[in-house]
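What follows is a set of notes on a single structure, which appears directly below.
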Ligand SMILES: Cc1ncc(COP(=O)(O)O)c(C=O)c1O
């Protein structure tokens, strides 16, 4: 009796599904909104949402369309030229179309009998990605929900491998030994916060994190790392892992991986490369060399929902020696019984932290197939160039100060008040908030050397240089308006 409501094998069910998909596409495929966001506050948005989430009877299609329109018109327009705050991309059309197939097939990647061809696609794609990064034939990996999960997984496997190797200790069986307090993880001052979060979650504590100084371009200093390693070792502490970042969130800086790899090897530490952002350079025609040394990683994470323009989530964790996955392996009789291994049946739950998991490899594959290597490379390089152009304009604008040369696709800068009496941090904070509140622009913010800064994160290669210049003018005008107090009088 529910056939028309659910996707069923009936023709009627299929026709209704096609209609629903096309109606949903019409709702999201409106012309680009004038504003990148509605600017409404959380309180104002809460007033728009009724808490009657489950009415006794279903609504009409008009009511449902109205609900969806409310959501659409109060979302950030990720493809708007004035949206440039986060590593948050406009998704590729090919990937969106593939999402319809992924969601409809609803394969679950945990066991072969739930996802036969999907398992093979993911396995092959992961091994192909390993080869693209220069990892050896022993490598393997898994799709993850993002860089946070990949960083967690890296430190989990690094921890378990260390405990097994040095103390013949299984963390999976016995938890952590008391000596684990001596383990240390080295990462740069500007490494992603999830490195520290992972250390806390893994029972190592945030005290296990040693933040290493960076150079003027926010890249980890090998000399400072060497010194930190020596100081720690002299104090009886044990180097568990070094986390290199290939593309820091704020500056796009890429740590000098070849040097860090030698230091990691000498210290017997695991080298994880957080390439959530910069991993895209693997496919860049102009900037691939920035990733030299990535092939020495024991593990690495690449986010495809950043500079690969995939809908969230889409990310991979790659592991140099697939045997390290053994430390998280568990067999469940109903899912991946031990016998399957001998029978050659692959169940990907064995290499993942998750059980039920999406077939995200498909959208990446379809995107690659649609674009081809040359166009993908041009999109990546075009986005980097857009940031460089914006930096040139900012450098030539007296009211703005460029805080760091862009190294990937971010531009970090600040508005410089015309008079020293003005509180520069306050103006920069207010400026960004006002752009958002007025629906004018969604730009980023961060702190650099303890001062408030603004940030463009260029993620849209279709944005033109003129549009970036317009955004820069908007920022400047907003700063001058705040300074003049004109907005207070308005
Ligand atoms: C360098 C870096 N690592 C990790 C992450 C976390 O990635 P995700 O948000 O995909 O979990 C980010 C997010 O921006 C990042 O920039």
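The values are calculated or read from the model by the stated rules, or taken from the named source; none is laboratory data. Computed from a prediction, not measured in an experiment: that's the story for all the values here. Backbone-built Cβ (ideal geometry, glycine too); neighbour counts: all protein chains shown.
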For the range 388-441, name all the residues that are closer than 18 Å to residue 248 by Cβ and out of contact with any strand residue (DSSP E or B) (no Cβ under 7 Å at 6 or more places or on another chain). 388, 405, 406, 408
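Looking at the range 181-289, what helices (runs of 4 or more DSSP H) fall wholly within it and have at least 2 residues that are in contact with a strand residue (DSSP E or B) (Cβ under 6 Å, 6 or more places away or on another chain) and within 16 Å of the ligand (Cβ to nearest atom)?
Values: elements: 193-201, 222-234, 257-267.
Output list reads 193-201, 257-267.
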Pairs please, first residue from the range 248-262 and on the phi > 0 side of the Ramachandran plot, second anywhere and within 11 Å of the ligand (Cβ to nearest atom) and assigned to a loop (DSSP other than H, G, I, E, B), Cβ atoms under 9 Å, 6+ apart in sequence or on different chains. 252/277; 252/408
Verdict on residue 101 being more than 30 Å from residue 441 (Cα to Cα), more than 16 Å from the ligand (Cβ to nearest atom) and not assigned by TED's automatic domain parsing to the domain that holds residue 180: yes
Flagged in the range 215-251 as in contact with a helix residue (DSSP H, G or I) (Cβ under 8 Å, 6 or more places away or on another chain) and surrounded by fewer than 21 Cβ atoms within 10 Å (Cβ to Cβ), in numbering order, are 222, 226, 233, 236, 237, 238
Here are the criteria: (1) at pLDDT below 95; (2) out of contact with any helix residue (DSSP H, G or I) (no Cβ under 9 Å at 6 or more places or on another chain). Tell me which single one residue 27 does not satisfy. (2)
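Kindly provide the set of residues from the range 290-300 that are within 15 Å of the ligand (Cβ to nearest atom) and within 24 Å of residue 238 (Cα to Cα), ordered by number. Lay out the reasoning, then the answer.
Of all residues in the range 290-300, those within 15 Å of the ligand (Cβ to nearest atom) come to 290-291, 294, 297, 299-300.
Matches in the range 290-300: 294, 297, 299, 300.
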Does the range 328-351 contain at least one residue that is farther than 30 Å from residue 169 by Cβ, in contact (Cβ under 8 Å) with a residue 60 or more places away in the chain and either outside any helix (DSSP H, G or I) or within 15 Å of the ligand (Cβ to nearest atom) (or both)? yes
